[in-house]
Each structure stands twice: as structure tokens, then as C-alpha cells.
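Enquirer: There's a structure below that I have some questions on.
Any read-out appearing in this document is the output of simple, stated calculations on the displayed coordinates, not a laboratory observation. Values in this document were obtained by computation on a predicted structure and should not be read as measured data. When we count neighbours, we look across all protein chains shown, and the Cβ atoms used for this are built from the backbone with ideal geometry, even at glycine.
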């Protein structure tokens with residue numbers, strides 16, 4: 001297990017209260033030994049004018065998931081994590097339902113982390129994203 005301590009799903013979902021996470025309807029579903037899985041609806045909050053899942057919503061989903069996961073690895077009393085860079089490749093479109101995001105670390109260093117996030121609907125790959133995270137000391 002890569003997490004700083006054990007967390008429960010309800011506790012993790014409370015972290016998103018009153019933020020973009022809550023506004024876009026994101027929900028943490030599972031915390032595995034080295035991954036975080038979440039869902040996001042494809043609805044009026046996350047669609048672009050043509051009725052497709054907005055690419056920006058996919059990136060917000062990926063960044064939210066990777067940022068939360070990164071912060072679960074560090075000691076929250078001494079450090080916190082923020083995004084340095086994110087990229088995304090939009091592979092296929094989605095018009096309705098929900099998508100799932102799965103974030104896994106590619107690198108866990110002392111000052112940076114790199115996370116890969118796959119967004120899917122059922123077995124269809126919707127978006128692949130990679131995010132670089134900076135680990136900063138609390139002052």
C-alpha cells in the first residue's frame with residue numbers, strides 16, 4: 001500500500017465538498033493498494049454545447065483525481081501536493097451516463113510525483129491524462 005495511512009471512501013468524498021469536485025458530481029469509488037478510482041456524470045454540468053463530454057471536464061476530473069491521490073501519499077502535517085503540469089489525449093466521445101477515472105502513480109519521488117489517469121466508459125477508453133505533481137513542505 002502506498003498511502004500515508006488508511007482512508008475510507010466517505011472521508012475522501014468529504015474532501016470534495018464545496019469544490020469543483022462536488023460541483024461536477026465526482027465521487028471516489030475505490031482506494032486500492034496503488035490506485036484511486038472515481039466516477040463523474042456526463043450531464044449538463046460536464047457537457048459542451050454539442051452534447052459531448054467536455055474535454056475540460058475530463059481534464060478537471062483527471063486533475064482532481066491525481067491531486068487527491070498525490071496528497072494521500074504524503075504526511076499531511078508536513079507536506080502538501082499541487083499540480084505542475086497536466087496533459088490529456090481525448091480518445092473517444094461520450095454523450096450520456098457516467099465515466100470512470102483510474103489514477104495510478106508512474107513516479108513517486110521526494111519532490112515530485114507523476115500520475116497517469118485513464119478515463120473510461122464501460123470498456124471504452126475516453127481520455128488518457130498524465131499529471132506531474134510538486135510536493136511542497138508546509139510552513
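Enquirer: For region 30-95, report the convex hull volume of the alpha-carbon atoms normalised per residue, in Å³, without decimals.
Expert: Per residue, the Cα convex hull of region 30-95 comes to 111 Å³.
Enquirer: According to a simple spin-label model (label point 7 Å from Cα along Cα-to-Cβ), what is the distance in nm between residue 22 and residue 138?
Expert: Modelled inter-label distance: 2.1 nm.
Enquirer: Which order do peptides 118-127, 76-85 fall in by mean Cβ count within 10 Å, highest first?
Expert: 118-127, 76-85
Enquirer: Now a separate question. Using 7 Å Cα-to-Cβ label points, what is the residue 6/residue 80 separation (nm, one decimal)?
Expert: Taking the simple label geometry, residue 6 and residue 80 are separated by 2.8 nm.
Enquirer: Now, a different point. With an 8 Å Cα cut-off and a minimum separation of 6 or more residues, compute the relative contact order for the chain in percent.
Expert: 24 percent
Enquirer: Treating the angle as unsigned and between 0 and 90°, give the value, to the nearest 10°, between the Cα long axis of helix 55-73 and the longest Cα principal axis of the chain.
Expert: Long axis of 55-73 versus the principal axis of the chain: about 20 degrees.
Enquirer: Further, regarding this structure: Compare the peptides 60-66, 89-95, 2-8, 38-44 by average per-residue count of other Cβ atoms within 10 angstrom and give them in order, highest first.
Expert: Answer by packing, highest mean first, reads 60-66, 38-44, 89-95, 2-8.
Enquirer: Roughly how many whole Å is it from the C-alpha centroid of region 92-107 to that of region 1-52?
Expert: 11 Å
Enquirer: Treat region 1-40 as a sphere of radius equal to its Kirkwood radius over Cα pairs and apply Stokes-Einstein at 10 °C in a medium of 1.306 mPa s; give the translational diffusion coefficient in µm²/s, rounded to a whole number.
Expert: Here the translational diffusion coefficient equals 149 µm²/s.
Enquirer: Kirkwood hydrodynamic radius, the chain, all distinct C-alpha pairs: what's the number in Å?
Expert: It works out to 15.1 Å.
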